[in-house]
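Q: First, the structure itself, so that you have it in front of you.
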Amino acid sequence: MDITIIAESNGNELHPVTSQLVGAASTLGGTVTVLCPGGIGEKEASEISGVAKVVSLKGDCFSSFDSGAWSHVMTPHCGDGIVMGSSSPSGRELAAQIASKMGVPVVQDLTGIDNGLMMTRSIYSGKAVETSNASGSCVITLRQNAFEAASLGGSAEVVTVDSSSEVSVAVKEAIAKAGERLDVSEADIIISGGRGMGDPANFSHLNEVADIIGAAVGASRAAVDSWDEIPHSMQVGQTGKTVNPSLYIAVGISGAIQHLAGMRSSKYIVAINKDPDAPIFGVADYGIVATWEEALPSLRDELANL
Amino acid sequence: MTIAVLLKQVPDTTAKIAVSGGRVDQSSVAKWSTSPYDEYALEYALQLKEAGGGDLVAITCGPARSSKMLTDAAAVGVDSMLHVVADTSEMDSTQIQSILAAAIKHCGAEIILCGKQAADTNSGSTGPGVASLLGASCVGMVSEVGIEGDGFIAQRGISSGDERVVVSKPCLFTFDKGLTELRRPNVKGIMMAKKKVIESVSAGDLGVDLGESGVKINSHAPPPEKPPGQKFEGAESVPTVVAKLREEANVI
């Protein structure tokens, strides 16, 4: 079986999720080809163990994201087995376009796949789990951090292909990110605040803790809806981002069903809440019944002393 | 110009999801709503119509109960409604996309808006796949769209931040949470909507041959139960928890 992997880029580098895609592909068996849109990360991709070939796609159309133009160039290089990408927003968009052009189904955001192509994914934002089987060729995207990364040590050949396609989505203006802070969907540790923080200014206490352990700062829907200072990009939950970091620290979050849906698959969950009956304690590995005013300074100091 | 908005009726985000006989039990869903991101698509479709004129059609593909959602859309200003009556729950992405692409062609729409993903399947395949079938430009993760010259200007989220992009029709926008408030229907709108007739068709009426689904759903199951956690009283337990995170969980 041929497996074609669509490399994910992070600025001008290969995104680490690409190694996880190769790791998952290796468990399926088959010949692994990695496509690098715009040639980004071609050398790094060729050094991932298990990669047989890297196709570096060069062309003007790759200077900005246009899923229509990209998929037009990339689809002819996708084998007729499994095409695999990351379930980032752009990864899903590209996967769906490639599947449509190949005339095959796409199954998004898998958290598991076995060599019988039994696919596992969460539906209803984590309120249920679906397993399904593809009967033939298909395009799939995998959730970041759900699969073991392949190690380094490969030396695949890199084939450069010059290709062009008409771009129909033209970038007029880039708007810089409001903060330099790590995005919750990228982070391995997340500390989130809810309406229990009392005031948006108190999120500075979460930022302090986050800075010590390299965490991203998230928020519940209640906090985002209540305070303009807390942007939707920070929202974790059913109408925000679904996350699965190694460690999720929920502070002043009661644990509404929408919030739990977005974070319950985190590997470890710590909850800090003054209400001992808050539903968040039902999913927490470690619960601390305390006010954030008392618990956060202590947490900051303990983490700083590690 | 004809604008189409694609809507999907899903269990309300506050609804509990129960599993029975290996499938999510749809009969136990207490409340059905328009998928949240589709609501932003609808709002901006109304704004585009107000700014540039034309007809706005709301399209859904789903079971009979979905028609209520179309009537709700009419109450805030949608001109016409097309309901492709079908059970989509076991369909794969190619089947759903071919129905919706045919429905859009049937309405003659060249500007299409939809949510970035539905709140039930959480996939995000429909918009880009439909754009591909129609040969329309696709702009994803949109938080705002307006008319600029002969085309459109949209703000979209990409991994490095936001950017404004311009496109011409035919084009399709998939919406993230928008930068505007959603409008609510008034009494007049609700009364008018009740008089509007929903065009109801089958996939076959649109000339779509669905074929077999290429993906067979094996089962649905509740999420795995977590073993009960450890609970501590008071802020003085913070050092204990930090030590456990380091030694038991090995995550810091």
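The values are calculated or read from the model by the stated rules, or taken from the named source; none is laboratory data. Given the structure is predicted, the values throughout are model-derived calculations rather than measurements. Backbone-built Cβ (ideal geometry, glycine too); neighbour counts: all protein chains shown. We work out accessible area using only protein heavy atoms, side chains counted, and drop any ligands, DNA or RNA first. Shrake-Rupley method; radii C 1.70, N 1.55, O 1.52, S 1.80 Å.
For every residue, the table says whether it meets (1) within 21 Å of residue A:67 (Cα to Cα); (2) not β-branched (Val, Ile, Thr).
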| position | (1), (2) |
| --- | --- |
| B:86 | no, yes |
| B:97 | yes, yes |
| B:111 | yes, no |
| B:128 | yes, yes |
| B:137 | yes, yes |
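Q: While we're here: Counting only residues that are over 30 Å from residue A:98 (Cβ atoms) and in contact with a His (Cβ under 7 Å, 6 or more places away or on another chain), which one in segment B:42-96 is surrounded by the fewest Cβ atoms within 10 Å (Cβ to Cβ)?
A: Step by step, filter segment B:42-96, then rank; the result is B:67.
Q: Those residues that are open to solvent by less than 20 Å² (accessible area, probe 1.4 Å) and either in a strand (DSSP E or B) or β-branched (Val, Ile, Thr) (or both), I need them from segment A:274-306; list them, please.
A: Scanning segment A:274-306 gives A:280, A:283, A:286, A:287, A:288, A:289.
Q: Still on this model: Out of the residues in segment B:158-195 that are more than 23 Å from residue B:35 (Cβ to Cβ) and assigned to a strand (DSSP E or B), which is most open to solvent (accessible area, probe 1.4 Å)?
A: B:164
Q: Which condition from (1) modelled with pLDDT of 95 or more; (2) in contact with a helix residue (DSSP H, G or I) (Cβ under 7 Å, 6 or more places away or on another chain); (3) open to solvent by 20 Å² or more (accessible area, probe 1.4 Å); (4) aliphatic (A, V, I, L, M) is the one that residue B:235 breaks?
A: Here residue B:235 clears every test but (3).
Q: Is one or more of the residues making up segment A:246-255 within 10 Å of chain B (Cβ to nearest Cβ), open to solvent by 40 Å² or more (accessible area, probe 1.4 Å) and assigned to a loop (DSSP other than H, G, I, E, B)?
A: Scanning segment A:246-255, I find no residue that is within 10 Å of chain B (Cβ to nearest Cβ), open to solvent by 40 Å² or more (accessible area, probe 1.4 Å) and assigned to a loop (DSSP other than H, G, I, E, B), so the answer is no.
Q: Which one of these is acidic (Asp, Glu) and at pLDDT 95 or above: A:199, A:183, A:188, A:228?
A: A:199
Q: Can you list residue pairs whose Cβ atoms sit under 8 Å apart, with the first residue in segment B:147-165 being within 9 Å of chain A (Cβ to nearest Cβ) and the second being part of a loop (DSSP other than H, G, I, E, B) and open to solvent by less than 20 Å² (accessible area, probe 1.4 Å)? Count only pairs 6 or more apart in sequence or on different chains.
A: B:165/A:169
Q: Restricting to segment A:3-27, what's the tally of residues that are modelled with pLDDT under 95 and either open to solvent by less than 20 Å² (accessible area, probe 1.4 Å) or outside the structural domain of residue A:157 (by TED's automatic domain parsing) (or both)?
A: 0
Q: A follow-up question, please. Kindly evaluate residue A:282 against the criterion of being touching a residue at least 24 places away in the same chain (Cβ under 8 Å) and at positive phi.
A: Against the criterion (touching a residue at least 24 places away in the same chain (Cβ under 8 Å) and at positive phi), residue A:282 does not qualify.
Q: Among the strands (runs of 3 or more DSSP E) confined wholly to segment A:122-210, which include 2 or more residues that are at the interface with another protein chain (Cβ under 8 Å from one of its Cβ atoms) and surrounded by fewer than 21 Cβ atoms within 10 Å (Cβ to Cβ)?
A: So the answer is A:128-134, A:170-176.
Q: For segment B:98-138: of the residues being within 7 Å of chain A (Cβ to nearest Cβ) and among the hydroxyl-bearing types (Ser, Thr, Tyr), which is most open to solvent (accessible area, probe 1.4 Å)?
A: B:121
Q: Which one is farthest from residue B:59 (Cα to Cα) among residues in segment B:202-230 that are at the interface with chain A (Cβ under 10 Å from one of its Cβ atoms) and outside any loop (DSSP other than H, G, I, E, B)?
A: B:230
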